[in-house]
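Accompanying notes for the structure given below.
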Amino acid sequence: MLAALALSCSSAMAAGETLRVGADLTYPPFQFRDVNGKPTGFEIDITNAVCKAVEVKCEYVVSSFDAEIPSLLAKKVDFISPLGATVKRKKSIDFSDFIFHIPSQLVARKGVNLLPTPESLKGKNIAVQQGSIQEMYANKYWAPAGVVVKTYPDQDVIYQDLAAGRLDGSLAPAVAVTFGFLQKPEGKDFTLTGPEVRDDVLFSRGSAYGVRKGDEKTLTLLNQGLAKIVADGTWEKIKQHYFGDIEMKVTPVKASDAAQ
């Protein structure tokens, strides 16, 4: 069920304008609810800072990750939280400048020696989040080789089934796993294993805001806000708060500068 949670990003709004932001709050530390039920996390803080920089109001419309693009196309939201700017997604929506990059890796129980290859994972139950680039990768390269690819509506349920022994592993963004699941008691017996999983077509150079094609006004506002918070150090301050010295910037800066 969609739920709108309004957060004022600035006391001064541009002509009273409100931008509705599609968000999935089941993805700590990027997006989640705080103890009071309000949206928080790295991506939420970045978005709040972007909105403040261009003096608009942010209103978060909460849904599952796989419902975000359909909601954008149906004009239920004005833009959606950062997601990989892939070739496939760029056929239906536009993207802002890049916000950050994180690698995709396999998380599995310690000591089982699984690797992110079809040979190592054949017959294993590997989870991916529905609608994610990790799902696309696993379905393209692993499922045909006998890997049992299981899709889940959100990452939290994947973590629960990993801890319960119902899954052998999960392909997921490494930073989210490291600073979310692995730091919790239920994740103490798990680790990231093998190298980063890459694909020049399915994956993107980084994550960016999704915007409806032709919506130049929203796209320009977001890019202006991003440029401001990078220039004044706000982006780095927020990144340091959540992830310390891990390098997450994308080069080139603009999503349009290179083919994804």
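Summary of values
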{"quantity": "Condition check for VAL77: at pLDDT 95 or above and over 23 Å from LYS213 (Cβ atoms)", "calculated": "no"}
{"quantity": "Residue that is nearest to ARG109 (Cα to Cα), among those in region 184-217 that are touching a Leu at 6+ places or on another chain (Cβ under 8 Å), open to solvent by less than 20 Å² (accessible area, probe 1.4 Å) and not small (Gly, Ala, Ser)", "calculated": "PHE190"}
{"quantity": "Residue within region 47-61 that is under 21 Å from ASP154 (Cα atoms) and more than 14 Å from the chain's Cα centre (by Cα) present", "calculated": "yes"}
{"quantity": "THR220, sole failed condition from (1) among the polar types (S, T, N, Q); (2) in a helix (DSSP H, G or I); (3) open to solvent by less than 70 Å² (accessible area, probe 1.4 Å); (4) within 23 Å of PHE32 (Cβ to Cβ)", "calculated": "(4)"}
{"quantity": "Residues satisfying the stated conditions in region 157-170, i.e. more than 18 Å from SER64 (Cα to Cα) and buried (at least 21 other Cβ atoms within 10 Å of the Cβ)", "calculated": "LEU162, LEU167, GLY169, SER170"}
{"quantity": "Among the residues listed as ALA163, ALA208, the single one being within 19 Å of PRO82 (Cβ to Cβ) and touching a helix residue (DSSP H, G or I) at 6+ places or on another chain (Cβ under 7 Å)", "calculated": "ALA208"}
{"quantity": "Within region 28-132, helices (runs of 4 or more DSSP H) holding 1 or more residues that are crowded, with 23+ Cβ neighbours inside 10 Å", "calculated": "42-53, 68-73, 118-121"}
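The values are calculated or read from the model by the stated rules, or taken from the named source; none is laboratory data. It should be emphasised that the depicted structure is a prediction, and the values quoted were computed from it without experimental measurement. Positions of Cβ are backbone-derived with ideal geometry, glycine not excepted, and every protein chain shown enters the neighbour counts. Side chains included, ligands, DNA and RNA excluded: accessible areas come from the protein's heavy atoms. Shrake-Rupley method; radii C 1.70, N 1.55, O 1.52, S 1.80 Å.
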